[in-house]
Amino acid sequence: GYYWLNKSGVRQDLFTILKSYGLTAISLRTWVNPSNSPANGHCSIQETVKMAQRCRDAGMQVLLGFHFGDTWNSVGVQKPPKAWANMSYAQMRDALRRYVDDSLKLLKAGGVTPGWVKIGNEQNSGICSPVGSVSKPSQMTGLLNGAYDV
């Protein structure tokens, strides 16, 4: 329901406005099963594909970041999606690989090829903890490699 005005005060697509200021790329994120919360939700892969298409249509590249959670994952907070919380290491590795593969296929079907893909977000403490915490380096590495194996 938000809308943006360009420098002339005319309502215009946000990405078109940003492009007019010289931006050439946008960073988008995706969460596995996000809520609809305005502050801590949205960013499902379906929503992210739509945003990526708007970026493409404005002539901008996309950096796609996978958070591997249902909301923000940042320094010290690396909660896996609720659906993955009780998975074994091997199950979680496979879930990460499937999620990245399925997500990239959705983007491709939507006519978008990201310029860059970022696996994880601020993973100083690990990824999908406790399974992939830094205290379990081989599992953390395995989860990251599972996502990269796509």
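The values are calculated or read from the model by the stated rules, or taken from the named source; none is laboratory data. From a predicted model like this one, the values you see are computed outputs, not experimental measurements. Positions of Cβ are backbone-derived with ideal geometry, glycine not excepted, and every protein chain shown enters the neighbour counts. These accessible areas exclude ligands, DNA and RNA; they are computed on the full protein's heavy atoms, side chains included. Shrake-Rupley method; radii C 1.70, N 1.55, O 1.52, S 1.80 Å.
Observations
- Dipole magnitude for the chain: about 180 debye, using +1 per Lys or Arg Cβ and -1 per Asp or Glu Cβ, origin at the Cα centre.
- Ellipticity estimate at 222 nm from DSSP helix runs (n ≥ 4, -39,500 (n - 2.57)) divided over the chain, nearest 500: -11000 deg cm²/dmol
- Relative to one another, the C-alpha centroids of the stretch 38-68 and the stretch 108-133 are positioned 13 Å apart.
- Other-chain or far-sequence residues with amide H under 5 Å of G126's (modelled H): V134
- For the stretch 4-148: accessible area per residue (Å², 1.4 Å): 54 Å²
- Highest average first, the peptides 55-65, 81-91, 2-12, 130-140 ordered by how many other beta carbon atoms sit within 10 Å of their residues are 55-65, 130-140, 81-91, 2-12.
- Whole-percent carbon and sulfur share, accessible surface of the stretch 1-145, 1.4 Å: 55 percent
- Straight-line cross-link reach from K50 at under 15 Å between alpha-carbon atoms covers these aspartates and glutamates, not counting any fewer than eight positions away in the same chain: D13.
- With the charge dipole of the chain set up from +1 on Lys and Arg Cβ and -1 on Asp and Glu Cβ about the Cα centre, the Cα lying farthest toward the positive end among the listed residues Q139, G126, G1 is that of G1.
- Fluctuation leader among D13, D70, D101 - the chain, Gaussian network, Cα springs under 10 angstrom: D13
- Residue-span extension gain [A83 to V134] - 0.36 nm each, minus C-alpha spacing: 16.2 nm
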